[in-house]
Amino acid sequence: MAMLARVTRAAALAFPQDGLSVWHSIGEAGGQEVPHLHFHVHPRRTGDGMLRVYPRPPELPDATVRECYAERLRRQME
């Protein structure tokens, strides 16, 4: 992760950009193409449409559902 942070800072300085995206995919359903741990650092421009994940804005679950998701994650992190 330290190297990822270092490369991301370098990319921000080396390439014109309005921001950066760090992309990692896991498994076939996640779009992983290379079967090992790797990250992509993408310099971005406002409105470039790159890495558009959702065909429309995702629906936000209500607070009760979000809390349920948070609790599931907390249990897995113990």
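Residues whose amide H comes within less than 5 Å of that of Q32, counting only those at least five positions distant or on another chain, are I26, G27 (H built at 1.01 Å from N in the peptide plane).
The Cα-based radius of gyration of the chain, divided by its Kirkwood radius, gives an Rg/Rh of 1.05. Residue by residue, the stretch 26-32 carries 3J(HN,Hα) couplings of 10, x, 4, 5, x, x, 5 Hz when phi is fed to the Karplus relation 6.51 cos²θ - 1.76 cosθ + 1.60 (θ = phi - 60°); x denotes Gly or Pro. Backbone amide hydrogens, once placed in the peptide plane, bring R44 within less than 5 Å of D18, G19, L20, S21, excluding anything fewer than 5 places away on its chain.
Helix 2-14 versus the longest principal axis of the chain: what angle, 0 to 90°, nearest 10, using Cα atoms? Once rounded, one gets 50 degrees.
Calculated mean residue ellipticity at 222 nm for the chain: -11500 deg cm²/dmol, from DSSP H runs with n ≥ 4 weighted as -39500 (n - 2.57), summed, divided by the residue count and rounded to 500.
Read-outs: derived from the displayed coordinates by stated rules, not from any lab. The structure presented is a predicted model; accordingly, all values stated were derived computationally and were not measured.
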